[in-house]
């Protein structure tokens, strides 16, 4: 769960390699400006990984775009491990590239 406000969130239905089913809440936090001048967003891939990740950019736009790409790359690793993602239960297959900007 993100401790900051959410800029974007998507909920997918997932099937693990062992056949268990999961609701996956994918979240990108609002960009935050640091005193150093850098911007960052905190991202989460929900139940797939309890860790949140802080993604930095030179401005708020880049922080969001890099965060979306990070999430897409992270989910690609789960697909390589045998996970399948869908837009909804019994819906169409969802792919990580659907998340990247």
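Computed from the coordinates by the stated procedures, all read-outs in this text should not be read as laboratory data. None of these values were measured; they are calculated from a predicted model. When we count neighbours, we look across all protein chains shown, and the Cβ atoms used for this are built from the backbone with ideal geometry, even at glycine.
See the values below:
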item: Residue in region 48-58 that is farthest from the chain's Cα centre (by Cα), counting only those that are touching a residue at least 24 places away in the same chain (Cβ under 8 Å) and surrounded by fewer than 18 Cβ atoms within 10 Å (Cβ to Cβ); result: 57
item: Filtered residue count, region 48-67, keeping only those that are in contact with a helix residue (DSSP H, G or I) (Cβ under 8 Å, 6 or more places away or on another chain) and outside any helix (DSSP H, G or I); result: 5
item: Strands (runs of 3 or more DSSP E) fully within region 1-47 counting 2 or more residues that are surrounded by fewer than 15 Cβ atoms within 10 Å (Cβ to Cβ); result: 6-15, 21-29
item: Any hit, region 68-77, residues being in a loop (DSSP other than H, G, I, E, B) and out of contact with any strand residue (DSSP E or B) (no Cβ under 7 Å at 6 or more places or on another chain); result: no
item: Lone unmet requirement of (1) assigned to a loop (DSSP other than H, G, I, E, B); (2) more than 15 Å from the chain's Cα centre (by Cα) for residue 100; result: (2)
